[in-house]
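**Q** What follows is a single structure, and I will ask about it in a moment.
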């Protein structure tokens, strides 16, 4: 069972590694903050992909959980893995699996895993804003009854409880309890662990020992791989320190790195976006501030982290300021437009008066103008018809020129290729003659494999070039056929013989003999194929081939 869990962890790491390569090529190759911000914007736009990857890992664990005849301890361990995946992703689900593990611990009558499960449940209750339930669980657990390996989890849960409660209730007097439990945590965990060092760094920050905290964090940064949850924690803490030291560029840089790592790990309980939104808002970049604020709010609502929602309340000022600024600009534009409309209206009134006077003076030539207008209208219609015809000819010329350019280039390439192959074949034959290998020579001359291979290659080249000219040909062609009679290509095929016939027709080759010669079949076969396809048409059969000839024309017009 542990091997299966380990395998899913490895799969998750590989998924993260794939996006790490993209991150390195885009961000680390460009040190400027603008490139990093642009990359973060791209990551936000593709946030759903990382959520999908997270759900895949969770789905895999659930499949293991649904294995028949599994023991309670087996279920407990899989539930623990699901709890880890959901803890900073979706709190409702994390609560469900934590509760279930409490039930399992009671059934197994195992005090240690019961205490650990209750601590985990209290922790997610705290994150979700269920402070009464969290406090009750923690109060019912006596630290003296806990083994050392669980004691650290207990102290951390207590510290986090007061941190979340203080943030949600805006009561900083609980900060001293956060520090007390953090000190207790540091006293019982391994001093060489990441957990110890990150908490020691936070303790140093709270005491104003910025240089000491920075030293610890830089040491951790060297040991953590980018795009990991631990990397996100370290860079977020470095962003906090940069802000305290008054270094806005470094502050922005580390918060961006932390936010990227949070998204890639689908960590919805994050603080970096909130900090970035405030930084960009203070710098006057309302667009980015709104984007990051919106992302933070979406994550908080998705995961159900209540204390983050409380912290995000200050974003309303950012959003309101953005809307007010836009409204002010809109009102300013409306005033300008109203002024312009008023001026135009006055001008129109004057123009109407002027026209009225002119109409009185020109009443004598009204009939002549009417006749002239009538003639002009007729000429206009003729001109429009001529323009339509000219446009049609231009489209045909464009199509012909485009095809000609593509096929001339391919023709030269094929000619060169065939010359090379002929030379290679000549050398092979000459070598056989020199060596008096007449039987082998006879086999080579008798075999049709070369001809068939070259013919297949010719068709493959034709299909590739044609589809490059008309990428939507197959879909557009099928759209002209009845739904049940549409052509379904085999795997790996670009065109089949039926589509190839109409591809040649689309290129202007209407001579059946030429089509039959190219496709190495009889004219009656070509006729039968064309008749068969027309009978499957969803439109007027008599105009079917005319509509085939129109495939791709609109595309060229757009170009």
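**Q** Ordered by packing density, taken as the mean number of other Cβ atoms within 10 Å over each peptide's residues, highest first, how do 452-464, 119-131 rank?
**A** In descending order of packing, they fall as 119-131, 452-464.
**Q** Now, a different point. P(r) for segment 427-470: what percent of alpha-carbon pairs falls in each 5 Å bin, starting at zero?
**A** Taking all Cα pairs of segment 427-470, the binned fractions are 5, 20, 16, 14, 11, 10, 8, 8, 5, 2, 0 percent.
**Q** Can you put 238, 132, 429 in order, fewest other beta carbons within 10 Å first? Let's see the in-between values first.
**A** Working: 238 24, 132 9, 429 14.
Listed from fewest to most nearby Cβ atoms, that is 132, 429, 238.
**Q** Sticking with this structure for a sec: Treat the count of other C-beta atoms within 10 Å as a stand-in for reagent exposure and order 301, 474 from fewest to most. Before the final figure, lay out each step's value.
**A** Working: 301 13, 474 20.
Lowest count first: 301, 474.
**Q** How large is the translational diffusion coefficient of segment 440-534 in µm² per second when you combine the Kirkwood radius over alpha carbon pairs with Stokes-Einstein at 10 °C and 1.306 mPa s? Before the final figure, lay out each step's value.
**A** Details: Rh = 14.8 Å.
Here the translational diffusion coefficient equals 107 µm²/s.
**Q** Sequence gap at least 6, Cα distance under 8 Å: using those rules, report the relative contact order of segment 71-183 to the nearest whole percent.
**A** Values: 123 pairs, mean separation 21.3, N = 113.
Answer for segment 71-183 is 19 percent.
**Q** With labels modelled as points extended 7 Å from the Cα through the Cβ direction, what inter-label distance (nm, one decimal) is found for residue 174 paired with residue 343?
**A** Result: 6.1 nm between the two label points.
**Q** Something else now. Taking only Cα atoms of segment 71-183, what ratio of Rg to Rh do you get with Rh as the Kirkwood inverse-distance radius?
**A** Across segment 71-183, the Cα-based Rg/Rh ratio is 0.98.
Throughout, read-outs are computed from the coordinates displayed, never taken from laboratory work. A quick note: this is a predicted structure, and the numbers were derived from the prediction, not measured. Reconstructed Cβ throughout: ideal geometry from the backbone, glycine too, with neighbour counts over all protein chains shown.
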